[in-house]
Amino acid sequence: MPSPYWAYTGPDYRHEMTPVPSPGAGVMVCACPPNSSTRTKRSYEVSRVSYFRAALLGAAASLTASAALAEPTQVAEIIVSANKVPTAQERVGSSVSIIDSAEIERRQQVQALDLLKRVPGVSISRNGGLGSTSTVRLRGSESGMVKVLIDGVEVNDASGANNEFDFNSLMTGDIEKIEVLKGPQSALYGNDAMGGVINVITKRGEGETKIRGTLEAGAYGTFRQQAGLTGGTEQVDYALSAANLHTDGFSRTFAGNEKDGTDARSVSGRLGVKASDILRFDLNAGWSWLDTEFDPFGGDGPSSQEKETWQVRGAGTLSLLDGAFENVLAASYASTDRDFDEPTGFYRFSTFDSRRKALDYQGNLRLRDADVATIGLSVDEEKAETTNTTSSSTTTGLDDSVTTKSAFVQYQAAVTSDLTLTLGGRVDDHEQFGTEGTWRATGAYQVPATGTVLRASYGTANKAPTLYQLYDPFYGNKNLSAEDGKGADIGFDQKLLDGRVGFGASLFRNTYTNMIGFSNGYINVARARTKGVELTFEATPVESVLIQANYTYLDAKDTRTGRDLPRRPQDTINASVDWTVVDGIDVGAALRYVGKQRDTASATSPILDSYTTVDFTARWAVLDNVSLFGRVENLFDEDYQEVRTYSAPGRSAFGGVTVSF
């Protein structure tokens, strides 16, 4: 009889799987065969004491409904970054949402931002169409509280006022999976992870060499080309991807009709070499370039931004004690250069340059049957430099750097076959203001009789002031203290009818104190609280139909003023239906509703109206290696704004062809 278990043996625990007779020491297993797919973007959220009644009622309903099942259904395996080690889904106590490769293929989106906006708990703001300034918030956090990683490299912009990552140039062509880890994560990820972590994983090669190319054209004079190559053997795996995009765009502001176009290019690659049974080397790198026009402060004009980013990481993995002790030493580098050309502005030309260097070690020791002890050490340096040019002179604004040394420990204990507890802590020694400590605890329990997975987590977080907030010659304040945060969540996930129906609920609450505000300069004055509910649902009533939906209720307040935090809608709904009409022909529709929200923090801020958009997609596999695809975004031509005075795209149709061999 074939083994029901499959051990993950690859460096990123996603591709190389070997059947084993049973789970044993030092082995991470799943109960699904290799290359199986969840087909869905899955969300796992949790929450807060004030909502216990709702949580208990929901859990009771799920237990009652599933009690009639003869056998509990087994939750499908996913790989997450919640514990910095691969962990089976039912053993993860943190709130995680996964956008997998199947979801990326179905939605046909060009920008990663348009995938992220459909994740429960995520809110976005975009100053116009493709290529415009774009921010992401998790559960009401500030965008600078979200740490963004691409293949393990932090890409947050150290030259920005809030140290946030601008998603305007992140395209989907080379992405395999996106993990959205919500809630305070400083205990594992340190600074900038107060609100959570977005972990982007690019494609990795395996098997015979494959070449895939895509051509797409459509609305606003858009033309996109994408090509990729992947392959690998037991000793070497490789992947290379390149993309080019042009769009004429549209006027991003209501103030005029001058089109704001965008050109974007990117190249990324991964190489893995298995030097021996115990030693492996991995190298990944990515480059992107963006040249986009914009309308400053809602006024129409010929302004433009050129942005270039790099990220590279090299790692060596040494496995000792028959694979039970894994040691990873890695060095990484990331840069972001932004050049602004504003002929009509006071500063006609401005530059913002960011550099990040990191050296880190992580050791994972597997104990007993499924326990994992993790230790980590790191040294990170961030540097920022800015310049401003008027009609007569160029001046240097910010030119400083800071080094942070960190150490963390975590223990993941499989108390029983159904109960997993995790406890971890971290110490960051920041060059400017010394030592800060954070910790996190999580729990996950799978009810044996019903398969219900119950989750809970609590953590603390801190965020050091950015280089801009500390050292800008006009507004900086070297006496700033780190911002503090803490958060809790609790929730459940339930599968019914042999996994054909799944649903979950999460409750969360986060508080932020000592936050940095602005009053003729940066000062520690702000306080905020966010709480809410996230509901998820998915069903496959028949093999050819997939239904998904999620709802987020968010209450985000500035506790000093009592006002709602800006650009955080109270209600968000996402729903989609995907149907395989016949073998080789797939169609789908996706709806998104965003409720009313404040545009700014001002007491007199205008309120942005709610809106609903619908997208339609289709794909036809003409041959085994040729498929035609098309989509219509904003099918009913909804007129809406994500940022006041800035336009959003109207009805837009796109179509193309993908060839693989």
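The values are calculated or read from the model by the stated rules, or taken from the named source; none is laboratory data. Treat the numbers as computed from the prediction; the structure is a model and nothing was measured. Cβ sites come from the backbone with ideal geometry, for glycine too, and all protein chains shown count toward neighbours.
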Number of positions in the stretch 621-648 that are of a type in the set (Val, Ile, Thr) and either modelled with pLDDT under 95 or surrounded by 15 or more Cβ atoms within 10 Å (Cβ to Cβ) (or both): 3
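When residues of the stretch 269-303 are filtered for being among the hydroxyl-bearing types (Ser, Thr, Tyr) and closer than 22 Å to Gly314 by Cα, how many remain? Break it down into steps so the answer makes sense when it comes.
Applying the first criterion (among the hydroxyl-bearing types (Ser, Thr, Tyr)) to the stretch 269-303 yields 276, 288, 292, 303.
Keeping just the survivors that are closer than 22 Å to Gly314 by Cα gives 276, 288.
Number of matching residues: 2.
Can you say whether Arg651 is over 26 Å from Ser251 (Cα atoms), surrounded by 13 or more Cβ atoms within 10 Å (Cβ to Cβ) and among the charged types (D, E, K, R), as far as the supplied structure shows?
Working: over 26 Å from Ser251 (Cα atoms): no; surrounded by 13 or more Cβ atoms within 10 Å (Cβ to Cβ): yes; among the charged types (D, E, K, R): yes.
The answer is no for Arg651.
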Some residue of the stretch 85-108 being part of a helix (DSSP H, G or I) and hydroxyl-bearing (Ser, Thr, Tyr): yes
Matching residues, the stretch 390-400, being surrounded by fewer than 16 Cβ atoms within 10 Å (Cβ to Cβ) and touching a strand residue (DSSP E or B) at 6+ places or on another chain (Cβ under 8 Å): Thr394, Thr395, Thr396, Asp399
Any hit, the stretch 235-242, residues being at pLDDT 95 or above and in contact with a helix residue (DSSP H, G or I) (Cβ under 6 Å, 6 or more places away or on another chain): no
Selection status of Thr422, part of a strand (DSSP E or B), of a type in the set (Ser, Thr, Tyr), out of contact with any His (no Cβ under 9 Å at 6 or more places or on another chain) and buried (at least 22 other Cβ atoms within 10 Å of the Cβ): yes
Flag for Ala488 being surrounded by 20 or more Cβ atoms within 10 Å (Cβ to Cβ) and among the small types (Gly, Ala, Ser): yes
Residue check for Ser350: over 28 Å from Glu164 (Cβ atoms) and over 27 Å from the mean Cα position of the chain (by Cα): no
Qualifying positions in the stretch 345-372 - surrounded by fewer than 18 Cβ atoms within 10 Å (Cβ to Cβ) and either of a type in the set (S, T, N, Q) or within 30 Å of Thr387 (Cβ to Cβ) (or both): Gly345, Phe346, Tyr347, Arg348, Phe349, Lys357, Leu359
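Check Arg270, Arg252 and return the single one that is surrounded by 15 or more Cβ atoms within 10 Å (Cβ to Cβ) and either among the acidic types (Asp, Glu) or farther than 27 Å from Phe352 by Cβ (or both).
Among Arg270, Arg252, only Arg270 is surrounded by 15 or more Cβ atoms within 10 Å (Cβ to Cβ) and either among the acidic types (Asp, Glu) or farther than 27 Å from Phe352 by Cβ (or both).
Can you confirm whether Thr617 is under 15 Å from Glu638 (Cβ atoms) and in contact with a strand residue (DSSP E or B) (Cβ under 6 Å, 6 or more places away or on another chain)?
No, not satisfied.
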